[in-house]
Amino acid sequence: MPIYSDKKAIVRRKRIFRIKIYFLIFFAALVSFGIYYLVLYSSVFKIKSIIIENNKFLTNEEIIRDLKQYVLRGGFAGQAGFDNLFSWPSGKIAVADPAVSELKINKNWIGREVKVSVEERERFAIWCVFGGDNCYWMDRQGIIFAEAPLTEGSLVFTVFDSRNNVLLLGSKIEEDRFVGNLISVLENLNKTGFEITKINFDKDLQEITVQTMEGTRLLFSDRFNSAQNIALIKDLNLKNVDYIDLRVENKIYYKNNK
C-alpha cells in the first residue's frame, strides 16, 4: 500500500524547526552579550577597595604598581580593566619586583574587596660596589633586590665588593655553589665575639676579610662552609693577634701583634 506524505506539512515543520533554531541562537547570543556587558562594563564586579597588608618597607603605591604589571598582562584584564574582580587571580603570585618575595591575593566577591598579603624579601645584609657608591639590600640567598644606604658596623653587615661592576636587581652576588658559604660567614660573625667594623670581599681570590674594632682581621674563603672554623675561635683568647686565618677547612692560623 503506497504511503503519501503531505509535502506542505513537511515544509511547514521544517520552517518551524528552523525558526526555533534561529530563535535559540538569537536568545543565546542575547544572553551572552548580557553576561559580557555585565562582567566587563557594569559596576557589579568593580572592585571597591584594595587592602595591602604586611608591607614594612614597600609602599602601597609600589605594591599596586607591581600588581598592575602582573594583572594587566592577561588578555581579559586588557578589556575588563584593573578594577574588575574577574581580572585578578586568587592565591599566591610572583611579581617582577625582586623586593617582593610573594603576594597572596584573596577576593571578597560580595564586598567587592581585594586583600593582598605581602611577603617582602628579607633584608639580611648590604652589598656595595664602586667603593660604596652603589649599595644594595640582599637576602639570605644572596639575591640583591633594592637600593640601600651605605652603613658600617654589626647591626646590619655591609660587604664591600672589590669589583666595580653594575649589579642588576634580582641577580646573585656570587655563584650558587659559593653563595651559601659566603652567607654562612655573615650569619656566624657575631659568634666570634669581635665587634665588626668592615667586611671586604675579593671576587678574584674568593676571600672575605673582616676588620674588627680590636684591630684583628678575620680571613675567610667562600670555597667551603666556615661555620665550624668560626665556632673554633669562639672560646680562644685571640684578642691581641694581627689576623686569624680561617681560609683552610677545619684549621686555624693566626699571627700575633708585634
Of the residues in region 163-213, those that are among the hydroxyl-bearing types (S, T, Y) and either within 22 Å of the chain's Cα centre (by Cα) or at pLDDT 90 or above (or both) come to S171, S184, T209
Residues being out of contact with any strand residue (DSSP E or B) (no Cβ under 9 Å at 6 or more places or on another chain) and surrounded by fewer than 17 Cβ atoms within 10 Å (Cβ to Cβ) - total across region 69-98 | 10
For region 53-77, how many residues meet the condition of being in a loop (DSSP other than H, G, I, E, B) and modelled with pLDDT under 90?
-> 3
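So which of V100, V44 is modelled with pLDDT of 75 or more and under 23 Å from R121 (Cβ atoms)?
Only one candidate qualifies: V100.
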Please work out which residue is surrounded by the fewest Cβ atoms within 10 Å (Cβ to Cβ), limiting yourself to region 121-144 and to residues that are among the hydrophobic types (A, V, I, L, M, F, W, C) and in contact with a helix residue (DSSP H, G or I) (Cβ under 8 Å, 6 or more places away or on another chain).
-> F124
Which of the residues that make up region 78-95 are assigned to a helix (DSSP H, G or I) and either closer than 18 Å to E113 by Cβ or modelled with pLDDT of 90 or more (or both)?
-> A80, L85, F86, S87
Looking at I173, is it of a type in the set (A, V, I, L, M, F, W, C), in the same structural domain as S221 (by TED's automatic domain parsing), surrounded by 14 or more Cβ atoms within 10 Å (Cβ to Cβ) and within 18 Å of T209 (Cβ to Cβ)?
-> yes
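Matching residues to (1) outside the structural domain of V100 (by TED's automatic domain parsing); (2) in contact with a helix residue (DSSP H, G or I) (Cβ under 8 Å, 6 or more places away or on another chain); (3) not in a strand (DSSP E or B):
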{"residue": "N181", "(1), (2), (3)": "yes, no, yes"}
{"residue": "N188", "(1), (2), (3)": "yes, yes, yes"}
{"residue": "L218", "(1), (2), (3)": "yes, yes, no"}
{"residue": "I230", "(1), (2), (3)": "yes, yes, yes"}
When residues of region 145-162 are limited to those that are in a loop (DSSP other than H, G, I, E, B) and surrounded by 13 or more Cβ atoms within 10 Å (Cβ to Cβ), the one nearest to the chain's Cα centre (by Cα) | A148
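The values are calculated or read from the model by the stated rules, or taken from the named source; none is laboratory data. From a predicted model like this one, the values you see are computed outputs, not experimental measurements. So basically every Cβ, Gly included, is an ideal-geometry build from the backbone, and we count neighbours across all protein chains shown.
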